[in-house]
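J.: Can you read through this structure? Questions will come right after.
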Amino acid sequence: DKKFVAKQYLTIFKLSNAQNYKPILVQFDKVKQIRTKNGQNMAFVTLNDGIETLDGVIFPNQFKKYEELLSHNDLFIVTGKFDHRKQQRQLIINEIQTLATFEEQKLAFAKQIIIRNKSQIDMFEE
């Protein structure tokens, strides 16, 4: 949760307030890889944002793209579409990036950074 607060300037969300296709900061608690009838790999995952957990699904096309990333025990930014399955909310994951990659890209495209709290200026002087 501290990590989330520290990275809030990236305009990220938690599972509780996330919307479709908005960046959510999570870690993967569980990744259960399965094979579809067509022999393609996909995965059912449990996402954790430090407060709540949510089930997610990664379909074959996305799984192929992000399989390598899933083996890292890292913080990730995921985006996707919320769905209901068996009366449970779940996330159909569309995109996965490491937090570091997401932050790098976000800062590269930032036109300006506004610091609202003067006590945080020291952090940015590096």
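J.: Identify the residue in segment 45-62 that is open to solvent by less than 70 Å² (accessible area, probe 1.4 Å) and without any contact (Cβ under 8 Å) to a residue 24 or more places away in the chain and, among all such residues, is nearest to K14 (Cα to Cα).
T.: So the residue we want is N48.
J.: Let me ask you something else. Filter segment 63-84 down to the residues that are aliphatic (A, V, I, L, M) and buried (at least 18 other Cβ atoms within 10 Å of the Cβ), then identify the one that is farthest from T36 (Cα to Cα).
T.: Among residues in segment 63-84 that are aliphatic (A, V, I, L, M) and buried (at least 18 other Cβ atoms within 10 Å of the Cβ), the one farthest from T36 (Cα to Cα) is L75.
J.: Is one or more of the residues making up segment 29-41 surrounded by 15 or more Cβ atoms within 10 Å (Cβ to Cβ), more than 14 Å from N94 (Cβ to Cβ) and touching a helix residue (DSSP H, G or I) at 6+ places or on another chain (Cβ under 9 Å)?
T.: yes
J.: Continuing with the same structure: Would you be able to say whether some residue in segment 49-62 is within 16 Å of E103 (Cβ to Cβ), in contact with a helix residue (DSSP H, G or I) (Cβ under 8 Å, 6 or more places away or on another chain) and acidic (D, E)?
T.: no
The values are calculated or read from the model by the stated rules, or taken from the named source; none is laboratory data. All values reported here derive from a predicted model rather than from experimental measurement. Methodologically, a virtual Cβ is constructed for each residue, glycine included, from the backbone with ideal geometry; neighbour enumeration extends over all protein chains shown. Surface accessibility is based on the protein's heavy atoms, side chains included, excluding ligands, DNA and RNA. Shrake-Rupley method; radii C 1.70, N 1.55, O 1.52, S 1.80 Å.
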